Amino acid sequence: MGSDWYVLGMGRFSNSSICVAGPNELSVNIPEAIKPIYGQMFRAPFYQGAPQDAAALVTTLDRNEHARRLVAWSKAFSSEMVQTYRESAMARTNQLIDVLKREGKGGKRVSLSHWIALWAMDVMGDMAFSGGFETLAAGQDSEGWMEVLSMGVLFVGILGQVPWMRDVIALLPQPGPIVTFQQFAGQKVKETKATMTGMSKDILGIIQDESSGGPPLSSKEAAADASFMVVAGSDTVAQALMALSRYIVGNKDIQTRLREELSQLSDDGFGDVDATTLAHLPYLDACVQEALRMIPPVPAGPPRYTGDRGYEVLGKYIPPHTTVATPIYTLHRDPANFARPNEFIPERWLPDSTVLPHNKEAFMPFSYGIGICIGKQVALQNMKLFTAALLHAFKLDFADAFDLAKYDASYKEHNLWLHASLDVTLVPSN
Ligand code: HEM
């Protein structure tokens, strides 16, 4: 291999493009490699590190099984269902705005990140199984769901490196919150099955309904899907919105330009802003893309596997049993792909932008190819809904003595992100 290829496990990164991460792991920081890797290969044994009684869509290593299950999942993301999710996300957003008005009254300091996390959790609960978390109403994550999810993601991150350990770990007593969450997911599976009449209005109902075209799911498989869909769709959207909010609050010009664009939505129309309108707000769209570029919620490249055969990628042969990934965060912050990569510049996404280079091929927050995020459109829609509603309702500023440099430095990559609280003040717009 040339100097462009690196070994992952050695933990070294440089401007060169391929990194050997371990004896059989490869990180390829070349945008042109995304298509051949993610278009041909399927998930690596890494996903077996997840604590699970059965495989979920996102953890199965059987490509045919994944394809079969995807048929029903695609029904759960039909345009009709996306419209249903938009309506429930809008209702949750209105609930959040009311909470923020109450919490931020009189210029009180508000942890925007805390409330975003609760909002995302409730939105996902509605989509996944028609409700169940109600963390916004409680004002906190009383049941510790978020702790469970971050623990789960941490488990995957560590055990994914040694997937064979999973069966040993399974013999140990499981941490209480994980057991509670598994029971919760199992309960949701039973409830959804018991109430299934006609067309279901949530993901769990649709993927369990055999008329959706997927294979019959055992209760354990359905519970695994229920748990992983919450992992996949809550913290990701929450982190993307925390990133976006941080840059919007920190830049008055961006806030003003967004407000100008949003002013075309009438007050009356706003409460039910439709998907077409949202899709035609180019500056809002540019801000969303830029937040996903700066702080991609899944920063590491999703690992893929060559399996029993080798694959050719950009004229190089990658041998069997090799794990391969393209590092999302590194690609997004590489000056060869994006000019001034550490600056939040939404304008780079607008047509006729002069902020060059701007290599869209290097942008993969939702992954690519087989196993690409099925919730992408919903995630983008919800991010826009949330941002439009927040800016419509409030003028935002950082809270007194909020230390932005310290906040930025607090970010830790944990497979997902961990960081300090984003504290703001909110002045109602009217
Ligand atoms: C900004 C928000 C989001 C980001 C950045 C994101 C990112 C990703 C990425 C990178 C993958 C590939 C994972 C892998 O192969 O290891 C993925 C897969 C997936 N995502 Fe998302 N996601 C987001 C929101 C959502 C939402 C809202 C849902 C809704 C349920 C969702 C559901 C899924 C599912 C089910 C998969 C597995 C798809 C498959 O195996 O075919 N995601 N996502």
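The values are calculated or read from the model by the stated rules, or taken from the named source; none is laboratory data. Every value quoted in this text rests on a predicted model; they were computed, and no experiment measured them. So basically every Cβ, Gly included, is an ideal-geometry build from the backbone, and we count neighbours across all protein chains shown. Protein only, heavy atoms only, side chains kept; ligands, DNA and RNA dropped before computing areas. Shrake-Rupley method; radii C 1.70, N 1.55, O 1.52, S 1.80 Å.
Residues of the stretch 183-225 with backbone nitrogen within less than 16 Å of a virtual label 7 Å along the Cα-to-Cβ line of VAL71, please, listed as ranges.
The answer is 206-218, whose backbone nitrogens lie closer than 16 Å to the label point.
Per the 1.4 Å probe, what fraction of the accessible area of the chain, in percent, lies on carbon and sulfur atoms?
So the carbon and sulfur contribution to the accessible surface is 55 percent.
What FRET efficiency do you get for SER211 and ASN430 if R0 is 41 Å and r is their Cβ-Cβ distance, rounded to the nearest 0.05?
0.30
With springs only between Cα atoms under 10 Å, which of SER245, SER367, SER79 fluctuates most in a Gaussian network model of the chain?
In the Gaussian network model the winner is SER79.
Figure the gain on full extension for THR256 and LEU418 (residue separation times 0.36 nm, minus the Cα-Cα span) and round it to one decimal in nm. Can you show the working numbers first?
Values: separation 162, 0.36 × 162 = 58.32 nm, distance 2.92 nm.
Residue separation times 0.36 nm, minus the Cα-Cα distance, leaves 55.4 nm.
Suppose every Lys and Arg Cβ carries +1 and every Asp and Glu Cβ carries -1, with no other charges. What dipole size does the chain come out with about its Cα centre, to the nearest 20 debye? Walk me through the intermediate numbers first.
Numbers: 37 positive and 46 negative charges, 102 e Å.
Dipole magnitude for the chain comes out near 500 debye.
Provide the gained length on full extension for the span ASP403 to LEU265, in nm with one decimal, where the gain is 0.36 nm per separating residue minus the Cα-Cα distance.
Stretched out fully, the ASP403 to LEU265 stretch lengthens by 46.3 nm.
Take the cross-link list LYS193/LYS360; LYS108/LYS406; LYS75/LYS105 and give me the ones stretching past 31 Å between alpha-carbons.
From LYS193/LYS360; LYS108/LYS406; LYS75/LYS105, over 31 Å: LYS193/LYS360; LYS75/LYS105.
Between THR180 and TYR317, take the C-beta separation as r, use R0 = 60 Å, and let me know the FRET efficiency to the nearest 0.05.
Calculated transfer efficiency: 0.80.
Residues with amide H under 5 Å of ASN29's amide H, sequence separation 5 or more or different chain, H placed in the peptide plane at 1.01 Å from N; which?
Distant-sequence amide H within range of ASN29: ILE18, CYS19.
Filter the GluC sites (Glu not before Pro) in the stretch 96-148 down to the DSSP loop ones having no more than 15 other Cβ atoms within 10 Å, then list what survives.
Details: sites: GLU103, GLU134, GLU143, GLU147; in loops: GLU134, GLU143.
Here the sparse-neighbourhood loop sites are GLU134.
About its Cα centre, how strong a charge dipole does the stretch 65-135 have in debye, to the nearest 20, once Lys and Arg get +1 and Asp and Glu get -1 at the Cβ?
Using only the charged Cβ atoms, the result is roughly 260 debye.
Please give, to one decimal in nm, the separation of the simple spin-label points placed at THR195 and GLN140, each 7 Å out from Cα toward the Cβ.
2.7 nm
Tell me, what is the per residue accessible area of the chain in Å², probe radius 1.4 Å?
Value returned for the chain: 43 Å² of accessible area per residue.
Dipole of the chain (Lys/Arg Cβ +1, Asp/Glu Cβ -1, origin at the Cα centre): which of TRP145, TYR407, TYR283 lies farthest to the positive side?
Positive-most Cα among the choices belongs to TYR407.
Restricting to Cα pairs below 8 Å that are 6+ residues apart, what does the relative contact order work out to for the chain? Please round to a whole percent.
About 24 percent, as a whole number.
Can you tell me the order of 229-237, 326-334 when each peptide is scored by its average per-residue count of other Cβ atoms within 10 angstrom, highest first? Can you show the working numbers first?
Working: 229-237: 24.6, 326-334: 21.6.
Descending mean neighbour count gives 229-237, 326-334.
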